[in-house]
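Participant: Dropping the structure in here first, questions after.
The values are calculated or read from the model by the stated rules, or taken from the named source; none is laboratory data. It should be emphasised that the depicted structure is a prediction, and the values quoted were computed from it without experimental measurement. FYI the Cβ positions are ideal-geometry reconstructions off the backbone, even for glycines, and counts take in every protein chain you see. When the accessible area is computed, the model is the full protein with side chains, heavy atoms only, and any ligands, DNA or RNA have been set aside. Shrake-Rupley method; radii C 1.70, N 1.55, O 1.52, S 1.80 Å.
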Amino acid sequence: MVQVHPVPAFDDNYLWVAHDGRRAAAVDPGDAAPVQAFLDGHGLVLEAILVTHHHGDHVGGVRALADRWGCEVFGPAAESIPGRTRAVAGGDRLAVPGLGLALEVIDVPGHTAGHVAYAADGLVFCGDTLFACGCGRLFEGTAAQMQASLARLAALPPATRVYCAHEYTLANERFALAVEPGNARLAERHARDRAAREAGRPTLPTTIGEELATNPFLRWDSPEVAASAAAHAGRALAGPVEVFAAVREWKNAFR
Ligand code: ZN
Ligand code: FE
């Protein structure tokens, strides 16, 4: 039985560790020390590192952990990943050695050009692509690429647990409420997540079903989101990519 735990790092990153009580895989270890402390504290052996994309807050601890453990380092083939031992791309299936965790790689370009996600039965590690009530910035990709990537993640079963790499939820929800003030489920979610943060708990993981109901970056088919995005952009918008792109531009300037 694999469990997944957040290891907080930097200001708002979660370095996720999946383990069965003995063996572990670390996702996007931007800093080695807190991951090592978690492994030590739980008596775990690190078998693999899964990297979603090349940004420093996701790869900064890879070399130190890989040197210490001699473990596999899975990372996207299309990016330069320090210490990578196995280059992966969309459609690849991989197993973490010794851990009952079968993963499928999904290509999700947009935040970076080669960004990948790792999906297993009932969960997905999506890096900086899909956030709780938000999505990553478009640093290397186009809005069309990101919308297609998000659509791929949105097609996972609704109960799929989504392990995002940052705790951006409350700020994302404030923006989402500006886009879609009539979404009652979003208002409920915001109240619940505020209570979680006040109690010092993560708002993650979220689920695909929750995101489909409340995340404006997946709700290009919602009439309210489309109308709101068009009103803000000051022009007519046709289709999911234009609606998504307008919401993304709006968020970039939202305070
Ligand atoms: Zn990033
Ligand atoms: Fe990041």
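Participant: Filter the stretch 157-188 down to the residues that are more than 16 Å from residue 217 (Cα to Cα), among the hydrophobic types (A, V, I, L, M, F, W, C) and out of contact with any Pro (no Cβ under 9 Å at 6 or more places or on another chain), then identify the one that is surrounded by the fewest Cβ atoms within 10 Å (Cβ to Cβ).
Facilitator: Once the filter is applied, the top-ranked residue is 184.
Participant: Can you find, within the stretch 115-150, the residue that is nearest to the chain's Cα centre (by Cα) among those that are surrounded by fewer than 24 Cβ atoms within 10 Å (Cβ to Cβ) and part of a loop (DSSP other than H, G, I, E, B)?
Facilitator: The qualifying residue nearest to the chain's Cα centre (by Cα) is 137.
Participant: Is it true that residue 230 is surrounded by fewer than 19 Cβ atoms within 10 Å (Cβ to Cβ) and either within 20 Å of residue 242 (Cα to Cα) or under 12 Å from the mean Cα position of the chain (by Cα) (or both)?
Facilitator: Against the criterion (surrounded by fewer than 19 Cβ atoms within 10 Å (Cβ to Cβ) and either within 20 Å of residue 242 (Cα to Cα) or under 12 Å from the mean Cα position of the chain (by Cα) (or both)), residue 230 qualifies.
Participant: Filter the strands (runs of 3 or more DSSP E) completely within the stretch 29-98 down to those with at least 2 residues that are within 16 Å of ligand 2 (Cβ to nearest atom) and under 18 Å from the mean Cα position of the chain (by Cα).
Facilitator: Numbers: elements: 45-50, 72-76, 86-88, 93-95.
It comes to 45-50, 72-76.
Participant: Taking only the stretch 22-57 into account, find how many residues are within 16 Å of ligand 1 (Cβ to nearest atom) and open to solvent by 10 Å² or more (accessible area, probe 1.4 Å).
Facilitator: Total meeting the criteria: 5.
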